[in-house]
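Student: This is the structure, below, for whatever I ask next.
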Amino acid sequence: MRPYELTLAAAAAAIRAGELSPVELTDSVLARAEAVEGRLHAFVTLRADEARASAARAAHEIAAGRARGPLHGVPMGLKDLIDVKGQPTTASSSVRADHVADADSAVAARLADAGAVLLGKTHTHEFAYGLTTPQTRNAWDAGRVAGGSSGGSAVAVAAGEATFALGTDTGGSIRVPAALNGVVGLKPTYGLVPRDGVTSLSWSLDHVGPVTRTVEDAALVLATLTGHDPRDPADATVPRQGRRPYPEGDLTGLRVGVPRNYYFDRVAPDVESAVRDAIDRLRDLGAELVDVEIPMTRYVQAVQWGLMVPEATSYHERTLRAAPELYAPDVRVLLEAGELLLAGDYLRAQRARTLMRRAWTRMLDAVDVIAAPTVPLTAAPAGQQSVQWADGSVESVSDSYVRLSAPANITGVPALTVPVGQDRAGLPVGMQLIGRPLGERTVLRVGSAYEATRADAGRLAPETGTPAAAESMPPAPPAARHLPGRRS
């Protein structure tokens with residue numbers, strides 16, 4: 001196995017045992033990036049010389065007995081919203097073309113303290129305001145969307161261009177691209193991971209979290225990221241999450257909520273089948289399956305947009321007025337729309353969010369986690385705008401992707417996506433595990449137990465970037481027809 005193919009946990013073990021040096025690992029990952037970047041475009045910038053120098057320092061420290069932990073000497077990428085002192089933070093936008101960070105973000109500083117090797121910044125949908133990341137291509141099929149807004153981070157990890165990466169999640173922006181690229185993505189509890197030095201989309205919905213190849217890898221990164229930060233007004237002060245915070249395998253006594261509404265409505269048949277099979281595996285591991293009713297579902301979209309749109313517009317108020325032409329058309333339209341929303345509309349969205357949080361707290365009192373699809377369909381073809389469902393309804397691709405992920409942002413609860421198979425075209429399907437506030441340990445425990453049942457856990461995307469089954473697969477079923485040029 002080539003070094004770039006190693007998961008974070010495997011690479012850390014090999015470094016710790018003296019079987020692999022950080023320099024060898026970083027050189028292998030950089031070579032992989034050089035081989036696939038021309039096709040995938042996961043990175044805004046790759047800083048190869050700096051990465052090699054950082055890896056050499058890590059190797060020297062480890063050899064001298066000054067190992068800092070499992071991330072020491074491991075190469076990673078940061079979404080281009082995350083400040084690193086002296087480096088550009090462009091947010092993949094012309095608006096930020098000349099911006100250079102004057103200090104490290106809290107998460108970049110923590111990763112640096114842990115000895116992680118920064119490879120460069122990964123692409124985002126402009127200012128994280130979208131669900132496709134159009135400049136980046138899906139690691140499994142370059143003709144399909146990467147997902148967004150952390151598309152670059154997910155593709156880099158899925159293709160072996162980074163051993164792990166960080167993304168941000170405001171309405172699904174870690175989980176959506178992770179699911180579409182067949183990797184693991186964790187949106188922690190709101191406030192658990194500090195956001196100081198991270199460009200905001202919507203301050204009351206934004207989260208920072210890891211994108212990794214396995215659940216164990218996500219736990220390792222989370223342990224480094226968590227902890228009190230007085231600069232973050234949303235800080236959730238809890239002890240740092242440990243590396244092994246859960247028993248492995250057996251789920252006896254754990255209650256898994258299976259939604260009877262919302263999460264399996266308007267979902268492609270292949271996605272539903274793969275997720276229900278995964279839920280059955282949780283039952284086989286000892287979990288008790290409990291039917292649950294998801295509350296206040298009719299308000300999800302209105303609350304998500306009612307919070308995000310005005311908050312985003314407020315953040316961009318000055319630059320939107322000074323240089324509107326520098327924004328991409330899709331982002332500019334959304335920002336300008338935010339100027340039309342009334343304060344009363346925003347306050348109603350905040351009140352509805354409070355009611356939704358209370359209702360979710362009551363629901364989660366009856367179960368330990370909820371298991372559901374991460375997204376209702378796999379990666380759409382690039383340029384695809386709409387999908388028609390079996391009931392005849394038409395929904396934009398972006399709205400479909402955010403529909404199942406937004407509730408965890410509104411309520412602030414932790415949500416993990418894990419790969420659970422492929423559809424008939426060979427594209428990855430993700431299952432979402434949603435827990436109680438600060439319930440990361442339980443969510444990771446369930447995800448890890450499921451992952452242990454799969455022989456293909458932690459696999460990279462195919463070398464060609466095209467699913468092996470794609471050429472012989474029939475068209476998508478009527479339940480999820482893609483409609484070019486139509487908008488809902």
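The values are calculated or read from the model by the stated rules, or taken from the named source; none is laboratory data. Fair warning: this is a prediction, and the values are worked out from it, not measured in the lab. All Cβ positions, glycine included, derive from the backbone under ideal geometry; neighbour counts span all protein chains shown.
Student: Quick check on my filter: what residues within the stretch 112-130 are of a type in the set (Ser, Thr, Tyr) and outside any loop (DSSP other than H, G, I, E, B)? Give the steps one after another, and end with the answer.
Tutor: At the first step, the residues of the stretch 112-130 found to be of a type in the set (Ser, Thr, Tyr) are 122, 124, 129.
Correct list: 122 only.
Student: Being of a type in the set (A, V, I, L, M, F, W, C), crowded, with 19+ Cβ neighbours inside 10 Å and farther than 21 Å from residue 8 by Cβ is the filter here; which residues of the stretch 84-124 pass it?
Tutor: 91, 95 - these are the residues of the stretch 84-124 that are of a type in the set (A, V, I, L, M, F, W, C), crowded, with 19+ Cβ neighbours inside 10 Å and farther than 21 Å from residue 8 by Cβ.
For every residue, the table says whether it meets (1) at pLDDT below 95; (2) in contact with a Lys or Arg (Cβ under 9 Å, 6 or more places away or on another chain).
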| site | (1), (2) |
| --- | --- |
| 412 | no, yes |
| 422 | no, no |
| 429 | no, no |
| 434 | no, no |
| 441 | no, no |
| 475 | yes, yes |
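Student: Counting only residues that are among the β-branched types (Val, Ile, Thr) and either crowded, with 24+ Cβ neighbours inside 10 Å or within 17 Å of residue 211 (Cα to Cα) (or both), how many does the stretch 61-83 have? Walk me through how you get there before you give the answer.
Tutor: Here is the first cut: in the stretch 61-83, the residues among the β-branched types (Val, Ile, Thr) are 62, 74, 82.
Now narrow it down to the ones that are either crowded, with 24+ Cβ neighbours inside 10 Å or within 17 Å of residue 211 (Cα to Cα) (or both): 74, 82.
Going through the stretch 61-83 one residue at a time, the tally reaches 2.
Student: Sticking with this structure for a sec: State the number of residues belonging to the stretch 267-278 that are of a type outside the set (Asp, Glu) and buried (at least 20 other Cβ atoms within 10 Å of the Cβ). So that I can check it myself, show each step before the final result.
Tutor: Residues of the stretch 267-278 of a type outside the set (Asp, Glu): 267-269, 271, 273-276, 278.
This time we only want the ones that are buried (at least 20 other Cβ atoms within 10 Å of the Cβ), so: 267-268, 271, 274-275, 278.
Adding up the residues that qualify gives 6.
Student: What's the number of the condition residue 383 fails, among (1) under 17 Å from the mean Cα position of the chain (by Cα); (2) modelled with pLDDT under 95?
Tutor: In the conditions (1) under 17 Å from the mean Cα position of the chain (by Cα); (2) modelled with pLDDT under 95, residue 383 misses (1) alone.
Student: Check off (1) buried (at least 17 other Cβ atoms within 10 Å of the Cβ); (2) within 30 Å of residue 254 (Cβ to Cβ) for residue 365 and give me the number that stays unchecked.
Tutor: (1)
Student: Can you name every residue in the stretch 403-417 that is crowded, with 24+ Cβ neighbours inside 10 Å and either among the aliphatic types (A, V, I, L, M) or assigned to a strand (DSSP E or B) (or both)?
Tutor: Listed by number, the residues that qualify are 404, 408, 410, 413, 415, 416, 417.
Student: Inside the stretch 418-433, can you point out the residues that are surrounded by 24 or more Cβ atoms within 10 Å (Cβ to Cβ) and within 13 Å of residue 275 (Cβ to Cβ)?
Tutor: Keep residues of the stretch 418-433 that are surrounded by 24 or more Cβ atoms within 10 Å (Cβ to Cβ), which gives 418-420, 427-433.
Within the stretch 418-433, 418, 419, 420, 428, 429, 430, 431, 432, 433 meet the criteria.
Student: Condition check: in contact with a strand residue (DSSP E or B) (Cβ under 8 Å, 6 or more places away or on another chain) and at positive phi. Does residue 120 satisfy that?
Tutor: It is true that residue 120 is in contact with a strand residue (DSSP E or B) (Cβ under 8 Å, 6 or more places away or on another chain) and at positive phi.
Student: Among the residues of the stretch 386-402 satisfying the criterion of being of a type in the set (Ser, Thr, Tyr) and out of contact with any strand residue (DSSP E or B) (no Cβ under 8 Å at 6 or more places or on another chain), which is surrounded by the fewest Cβ atoms within 10 Å (Cβ to Cβ)? Working first, answer last.
Tutor: Applying the first criterion (of a type in the set (Ser, Thr, Tyr)) to the stretch 386-402 yields 386, 393, 396, 398, 400-401.
Within this subset, residues satisfying the condition of being out of contact with any strand residue (DSSP E or B) (no Cβ under 8 Å at 6 or more places or on another chain) are 393, 398, 401.
Working: 393: 10, 398: 23, 401: 32.
Per the criteria, the residue is 393.
Student: Condition first: touching an Asp or Glu at 6+ places or on another chain (Cβ under 9 Å), touching a residue at least 40 places away in the same chain (Cβ under 8 Å) and assigned to a helix (DSSP H, G or I). Now tell me which residues in the stretch 52-86 satisfy that.
Tutor: 55
Student: I'm checking my understanding of the structure. Among residues of the stretch 190-227 that are in contact with a Lys or Arg (Cβ under 9 Å, 6 or more places away or on another chain), of a type outside the set (A, V, I, L, M, F, W, C) and over 13 Å from residue 79 (Cβ atoms), which one is modelled with the lowest pLDDT?
Tutor: 227
Student: Please work out if residue 189 is within 26 Å of residue 351 (Cα to Cα), under 9 Å from the mean Cα position of the chain (by Cα) and among the β-branched types (Val, Ile, Thr). Step through it out loud before you land on a result.
Tutor: Working: within 26 Å of residue 351 (Cα to Cα): yes; under 9 Å from the mean Cα position of the chain (by Cα): no; among the β-branched types (Val, Ile, Thr): yes.
No.
Student: Counting only residues that are surrounded by 14 or more Cβ atoms within 10 Å (Cβ to Cβ) and farther than 25 Å from residue 452 by Cα, which one in the stretch 228-258 is modelled with the lowest pLDDT?
Tutor: 238
Student: If you don't mind, there's one more thing I want to ask. Would you point out the residue of the stretch 139-152, among those that are within 14 Å of the chain's Cα centre (by Cα) and in a loop (DSSP other than H, G, I, E, B), that is surrounded by the most Cβ atoms within 10 Å (Cβ to Cβ)?
Tutor: The first filter runs over the stretch 139-152 and keeps only residues within 14 Å of the chain's Cα centre (by Cα), leaving 146-152.
Subset that is in a loop (DSSP other than H, G, I, E, B): 146-150.
On the way: 146: 34, 147: 34, 148: 31, 149: 33, 150: 36.
Filtering first and then ranking leaves 150.
Student: Report yes if residue 54 is within 25 Å of residue 88 (Cβ to Cβ) and hydroxyl-bearing (Ser, Thr, Tyr), otherwise no.
Tutor: Numbers: within 25 Å of residue 88 (Cβ to Cβ): yes; hydroxyl-bearing (Ser, Thr, Tyr): yes.
Considered against the rule, which asks whether it is within 25 Å of residue 88 (Cβ to Cβ) and hydroxyl-bearing (Ser, Thr, Tyr), residue 54 comes out as yes.
Student: Within the stretch 153-166, identify whether any single residue is in a helix (DSSP H, G or I) and closer than 17 Å to residue 405 by Cα, and answer yes or no. So that I can check it myself, show each step before the final result.
Tutor: Kept after step one, since they are in a helix (DSSP H, G or I), are these residues of the stretch 153-166: 153-159.
In the following step, the residues that additionally are closer than 17 Å to residue 405 by Cα were identified as 154.
Yes, because at least one residue in the stretch 153-166 is in a helix (DSSP H, G or I) and closer than 17 Å to residue 405 by Cα.
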